[in-house]
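Participant: Please find one structure pasted underneath; my questions will follow.
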Amino acid sequence: KAGVTQTPRYLIKTRGQQVTLSCSPISGHRSVSWYQQTPGQGLQFLFEYFSETQRNKGNFPGRFSGRQFSNSRSEMNVSTLELGDSALYLCASTLSGEYGYTFGSGTRLTVV
Amino acid sequence: GNSVTQMEGPVTLSEEAFLTINCTYTATGYPSLFWYVQYPGEGLQLLLKATKADDKGSNKGFEATYRKETTSFHLEKGSVQVSDSAVYFCALKDQTGANNLFFGTGTRLTVIP
């Protein structure tokens, strides 16, 4: 079966712009989570969506937002980009968290 | 709160050496525990998991045992290969309904021929 697909793979944006990242989960997985990975902070949880509802949120400013569609595809948006937002953004989907999460290859965002 | 403490890297081993990467955790109750591996330029791949105390997760020659008494989930492999070179992350999911993982800082492993 197809894995978790994230698009685009790479993005370069300018400070102050906004960006939207996309994630298509494994078919049948209704839970989609987003993580930010940086060399300094490691892997940090952004938010989780389940059946189009945000179920859990990490400690990030309101510039970071997301949504989930009825087909479980998810998007995350970052507004007013800052240099510190440069990171690898990973999406993960699961049927049930206890059994593991499948991650996508990530979107590498560079803010200049 | 929940946290994962992982052995600092980097770790460099010769091929066929024994590998141990230490991982301890803090969590209430009985979390689920995971090891993920990340190859260069890629996302995370689930390596193995354990969902209750004394469970042993295993995959591709790697093993880890869920030790409640020592709150540990150390990763081991008897004979590493060059292809095992990657970054390894220990992670936990707590027993609440929240589907988010808490990760350790990662341990970079390099295996030299």
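What follows draws every value from the coordinates through simple rules; no lab data is involved. From a predicted model like this one, the values you see are computed outputs, not experimental measurements. As a convention, Cβ positions derive from the backbone with ideal geometry for all residues, glycine included, and neighbour counts pool all protein chains shown.
Participant: Run the numbers on region B:10-90 and let me know its relative contact order in percent, using alpha-carbon pairs under 8 Å that are six or more apart.
Facilitator: Relative contact order comes out at 38 percent.
Participant: Run the reach check for A:K13 against aspartates and glutamates, Cα to Cα strictly under 20 Å, same-chain hits fewer than 8 apart removed. What comes back?
Facilitator: The qualifying aspartates and glutamates are A:E75, A:E82, A:D85.
Participant: Using a simple spin-label model with points 7 Å from Cα along the Cα→Cβ vector, what separation in nm is obtained for B:D54 and A:S79?
Facilitator: Taking the simple label geometry, B:D54 and A:S79 are separated by 5.4 nm.
Participant: In debye to the nearest 20, how big a dipole does chain B give about its Cα centre with +1 on each Lys and Arg Cβ and -1 on each Asp and Glu Cβ?
Facilitator: On the way: 9 positive and 11 negative charges, 56 e Å.
Dipole size: approximately 260 debye.
Participant: Compare the Cα positions of B:V4, B:F89, B:T105 along the charge dipole of chain B (+1 at Cβ of Lys, Arg; -1 at Cβ of Asp, Glu; about the Cα centre) and return the one farthest towards the positive end.
Facilitator: B:V4
Participant: Starting from the Cα of B:N22, step 7 Å along the direction of its Cβ; do the same at A:Q18; then give the gap between the two resulting points in nm.
Facilitator: Between B:N22 and A:Q18, the simple spin-label model gives 4.7 nm.
Participant: Enter the Cα centre distance for the pair region A:58-112 and region B:36-65, rounded to the nearest angstrom.
Facilitator: Region A:58-112 and region B:36-65 have Cα centres separated by 22 Å.
Participant: Principal axis extents for chain B, Cα atoms only, whole Å, descending order, please.
Facilitator: 44, 28, 22
Participant: Hey, another quick one. Is any residue of region A:1-44 close enough, with backbone N under 15 Å, to a label point placed 7 angstrom from the Cα of A:F69 along the Cα-Cβ axis, and if so, which?
Facilitator: Only A:5-8, A:20-28 fall inside the zone, counting backbone N under 15 Å.
Participant: Additional query: Among the lysines, which fall within straight-line cross-link reach of B:K68, defined as a Cα-Cα distance under 18 Å, with same-chain neighbours fewer than 8 residues apart omitted?
Facilitator: Here the lysines satisfying the reach criterion relative to B:K68 are B:K49, B:K52, B:K56, B:K93.
Participant: Assign one of three labels to region A:12-112, namely rounded, prolate or oblate, based on the Cα gyration tensor with a ≥ b ≥ c the square roots of its eigenvalues; rounded applies when a/c is under 1.5, prolate when it is not and a/b is larger than b/c, and oblate otherwise.
Facilitator: Judged from the Cα gyration tensor, region A:12-112 comes out prolate (a/c at least 1.5, a/b above b/c).
Participant: Using only alpha carbon positions, build the gyration tensor of the protein assembly as shown, then give the equivalent ellipsoid semi-axes as the square roots of 5 times its eigenvalues, largest first, whole angstrom.
Facilitator: Square roots of five times the eigenvalues give 29, 21, 16 Å.
Participant: For A:S65, A:S27, what's the fewest-to-most ordering of other Cβ within 10 Å of each Cβ?
Facilitator: In increasing order of surrounding Cβ atoms, one gets A:S27, A:S65.
Participant: Count the net charge of all other residues whose Cβ sits under 13 Å from the Cβ of B:V87, scoring Lys and Arg as +1 and Asp and Glu as -1.
Facilitator: Counting the neighbours of B:V87, the net charge comes to -2.
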